[in-house]
Amino acid sequence: MNENTNKVASPERKHPVASLYIVGPVIFMVAGLVLSYVVFGFFGHCIDNLMGGQYGFSDIGSIAGAFVLMAAFTYWFKAEFRGFYRKVEFQDRQLLTILIMALIIDLLYTVIGAGGITHFKIPAIAAILSELAAGICEEATMRAMPISVAMRRGSEKKNIIIAAVVSAVPFGLIHFLNIFTVDRDLLYTLVQVLIAVAVGCLYAGIYLRTGNILVTMILHAFHDLMGACIRAYELSAASEQAGRVLDQMEVYLAAFYGVACLVLGILLIVGHEKKIKEVWDERWSRTLE
């Protein structure tokens, strides 16, 4: 009788894709990107066309798609997964310090790289929506789902490292596409890829420690919105040059920012495997053998 009761309370459900080692998280990542940007984004784009203008529904569709996908993920794994949102333990001084440092470093990197706070301008609504869509969709598809899938296998050190790497490296590589969408030279794009890998490591560490994807969404959106303010100024001042290349100052600044993010990400993970295990043993009601 007790055996039957336990089976009803904790139903077994097969998840063959999620169970694939390393490949599973990547499949969830790619599927999430396609569904949020292409499917939901295209639906929003169609609404824009019907209304006869660019009202940002493409980005709104992508944002909605990201949250719909996370809700679908949570529902599918409802027998074992407690979702992407969790109360953040801000009494953890090391975690709180790193979150504050991440914001300060991001702000300094953006302000110094722009040449000062006077080189900022409030961007158009469409640009703001575009940056919000990028931050929210990328965190949902390249952080929340793949890391959660990786941690489903267990919360031992090996899985923690795999979860961080499988999130950070593709996050960096996808930024190589900017060479086709933005008029930048190869070196500029490669530096952006390396920085994105480092930032991805930081965000992966934050999500692993907090279990709350909203934290990285806020940080990511903050970074992207700062960049949008710079681009708005450049466009208004007609100072953005085609085929822009990095000068020596920008290379040094990018190197500092990348190394700082990488170090902060490592500090969040190394030596704190027990805290991460506590978070993810609570996120997943059971782990795979």
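Readers should treat all values here as calculations from the given coordinates under stated rules, not as data from a laboratory. Just so we're clear, the structure is a prediction, and the values are computed from it rather than from any experiment. For neighbour counting, all protein chains shown are included, and Cβ atoms are generated from backbone atoms with ideal geometry for every residue, glycine included.
So, in nm, how far is label H45 from label I218 when the simple model puts each one 7 Å beyond its Cα toward the Cβ?
Going by the 7 Å Cα→Cβ label model, 3.3 nm.
Helix-only mean residue ellipticity at 222 nm, the chain, DSSP H runs n ≥ 4 weighted -39,500 (n - 2.57), per residue, nearest 500. What is it?
Working: 13 runs with 198 residues, N = 289.
-22500 deg cm²/dmol, from helical runs alone.
What residues qualify as long-range amide H neighbours of F81, i.e. H under 5 Å apart, gap of 5 or more or another chain, H built at 1.01 Å from N?
Correct list: S285.
Please rank W280, W76, fewest neighbouring Cβ atoms within 10 Å first, as an exposure proxy.
Values: W280 22, W76 12.
Placing the least packed residue first, the sequence is W76, W280.
Run the quick spin-label model on L235 and K274: label points 7 Å from Cα toward the beta carbon, then report their separation in nm to one decimal.
Each label point lies 7 Å from its Cα, and together they span 5.1 nm.
So how do L235, L225 line up by other beta-carbon neighbours within 10 Å, fewest first?
Details: L235 14, L225 18.
Neighbour counts put them in this order, fewest first: L235, L225.
Tell me, what ³J(HN,Hα) does each residue in the range 154-171 have, in order and in whole Hz, if you take phi through Karplus 6.51 cos²θ - 1.76 cosθ + 1.60 with θ = phi - 60° and put x for Gly and Pro?
x, 10, 6, 4, 4, 5, 4, 5, 4, 4, 5, 5, 5, 8, 6, 5, x, 4
Residue by residue through the range 220-230, what is 3J(HN,Hα) from phi via Karplus (6.51 cos²θ - 1.76 cosθ + 1.60, θ = phi - 60°)? Round to whole Hz and write x for glycine and proline.
Ordered by residue, 3J(HN,Hα) equals 5, 5, 4, 4, 5, 5, 4, x, 5, 5, 5 Hz.
Just to confirm the number: angle between the C-alpha axis of helix 23-33 and the first principal axis of the chain, 0 to 90 degrees, nearest 10?
So the helix axis and the longest Cα principal axis differ by about 50 degrees.
Which order do S19, S62 fall in if you start with the one that has the fewest other Cβ atoms within 10 Å? Don't skip to the end; give the middle numbers.
On the way: S19 13, S62 29.
So the residues, fewest neighbours to most, are S19, S62.
For the pair I105 and A31, how long in nm is the line joining their label points, each one 7 Å along Cα→Cβ?
With each label placed 7 Å out from Cα toward Cβ, I get 3.4 nm.
With r as the distance between the Cβ atoms of V251 and F180 and R0 = 22 Å, compute the FRET efficiency 1/(1 + (r/R0)^6) and round to 0.05.
Values: r = 22 Å, r/R0 = 1.02.
Once the sixth-power term is evaluated, E becomes 0.45.
For the range 7-283, just say rounded, prolate or oblate: build the C-alpha gyration tensor, square-root its eigenvalues into a ≥ b ≥ c, call rounded for a/c under 1.5, and beyond that prolate if a/b exceeds b/c, oblate if not. Let's see the in-between values first.
Details: a/c = 2.00, a/b = 1.34, b/c = 1.48.
Since a/c reaches 1.5 but b/c is at least a/b, the shape of the range 7-283 is classed as oblate.
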